[in-house]
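One structure follows; several queries about it will come next.
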């Protein structure tokens, strides 16, 4: 019965999962799924958990230490009678001892407290690294998503051109049969159709590869019926890039996780220096001990008679444990005098590490500025390219219509017709590429501003 229930659950989950795959995916769903299933993100989450454990342990290190030991021994032959403190021969002696000790660090140059603060910054930095990886995955998914939309548009453009060519073939065949055009015109148009079919196949292959790319980013097992939502993306005359490079950088510098991570690791290195300097300061600890024991040959004094002397008897286990209790408390002051220059070397190394982390922070900010600067320049260039391509497409469409009319009446050669058609196809392809290049770069700039990745 249990196996049957598990099988039903598995089948039901498979059906639900398959049904979910049949629905087109939005960009937000793709990003969410990629973040939930990416192996690199899962590994970084484990690293964050390790840092969290280190922080927890550094807090627990403030508590006292407590250790205990218990022994049970048998000795044979010559043994010491703890009652008379005389040796006895050929005795089998059983003895037990119990020992406990506790220690508490009262002062250690604030090393424990600084270790806690360092681990707190390390944990925050690890979490920022996690967010940075998520951001990189999100941008990669967005780029792959837009690449699919671009390839779909290129396929549509090429397919429309091919349909126009096929319609032209039909018209040309009729004109050739009527004797209005030579057969060479038909052969040239058919050759053009063959070239466009090859181009269409190539574009479809690129579309399939772009689907494969995003499926791999989403960690899906197979492409299956995977499809994406096609949002209505358009660029109008009012589209402008809001904000300057410096404005976007100032915003990004305060919220980007890679910058925050570098800042936190610099603070962590500064606490490392404080910990290292704490090695020069005397260490004060408090210790306490407790012990007791039992011996099988020990006898208890039952009576002291002036005439007969001392009368001994059995010494029970519990009585010995109570009577043999010993405990004490003490303070230990450890003063570092010379330890092979290790403390000074550690201090110098931590100072070098601080300077290195300063360079890392500075380089992270510079790289962020360069990335924003490049995205800003690319967005401006792609917008100019889009506007120029838009005018070129309008001109090419008009020119092609005029050339097509002239071709239909035999006023231009098939070569001229094919040339005009190829120019129109190239212009439409360049327009699509400029459009999606601009959309992606503006989304990157919005991302640096702290806005979510959305396609609306």
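For segment 315-348, list residues with backbone N below 13 Å from a point placed 7 Å from the Cα of residue 284 toward its Cβ?
Of the residues in segment 315-348, 331-335 have backbone N under 13 Å from the label point off residue 284.
Further question on the same structure: Rank by packing, highest mean first: peptides 332-343, 286-297, with packing defined as the count of other Cβ atoms within 10 Å averaged across residues.
So the order, starting with the most tightly packed, is 286-297, 332-343.
Rank by packing, highest mean first: peptides 412-418, 264-270, with packing defined as the count of other Cβ atoms within 10 Å averaged across residues.
264-270, 412-418
Set the Förster radius R0 to 45 Å, insert the Cβ-Cβ distance between residue 169 and residue 26 as r into 1/(1 + (r/R0)^6), and round the FRET efficiency to 0.05.
Given R0 = 45 Å and the Cβ-Cβ separation, E is 0.65.
Follow-up. Pop the C-beta distance of residue 327 and residue 67 into the FRET formula with R0 = 22 Å and round what comes out to the nearest 0.05.
Rounded to the nearest 0.05, the efficiency is 0.90.
Quick one: helix 245-255 against the long Cα principal axis of the chain, what's the angle to the nearest 10°, folded into 0 to 90?
Taking the Cα atoms of the chain, the angle to 245-255 is about 30 degrees.
Once the Cα atoms of segment 257-338 are picked out, what are the Rg and Dmax in Å?
28.5, 92
In deg cm²/dmol and to the nearest 500, what is the mean residue ellipticity at 222 nm of the chain if only DSSP H runs of at least 4 residues count, each as -39500 (n - 2.57), divided by the residue total?
-23500 deg cm²/dmol
In degrees between 0 and 90, to the nearest 10, how far off the longest principal axis of the chain does helix 111-177 point, with axes built from Cα atoms?
Approximately 20 degrees, to the nearest ten.
Let me ask you something else. How long is the gain from residue 50 to residue 397 if the chain were fully straight, where each residue apart is worth 0.36 nm and the alpha carbon distance is subtracted?
118.7 nm
Still on this structure: Quote to one decimal, in nm, the extra length available between residue 107 and residue 454 on full extension: 0.36 nm per residue of separation minus the C-alpha distance between them.
Extra length from residue 107 to residue 454 when fully extended: 119.5 nm.
Separate question: Compute the helix-to-body angle for 2-22: its Cα long axis versus the longest principal axis of the chain, expressed 0 to 90° and rounded to tens.
40
Then there's this: Using only the Cα atoms, work out Rg/Rh for segment 364-456, with Rh taken as the Kirkwood radius, to two decimals.
Dividing the radius of gyration by the Kirkwood radius yields 1.24.
Now for a different question. Equivalent-ellipsoid semi-axes (√(5λ), Cα gyration tensor) for segment 113-177, whole Å, largest first?
Largest first, segment 113-177 gives 63, 4, 4 Å.
Continuing with this model, one more query. Which order results if 33, 121, 247 are arranged by neighbouring Cβ count within 10 Å, fewest first?
Ranked by crowding around the Cβ, least crowded first: 247, 33, 121.
Hey, of [x] 41.3, 157; [y] 21.6, 66; [z] 43.3, 153, which did the structure itself give for Rg and Dmax of the Cα atoms in Å when calculated?
Looking at Rg and Dmax of the Cα atoms in Å for this model, the match is [x].
Values in this text are rule-based calculations from the coordinates and carry no lab data. These numbers were taken from a predicted model, which means no experiment stands behind them. All Cβ positions, glycine included, derive from the backbone under ideal geometry; neighbour counts span all protein chains shown.
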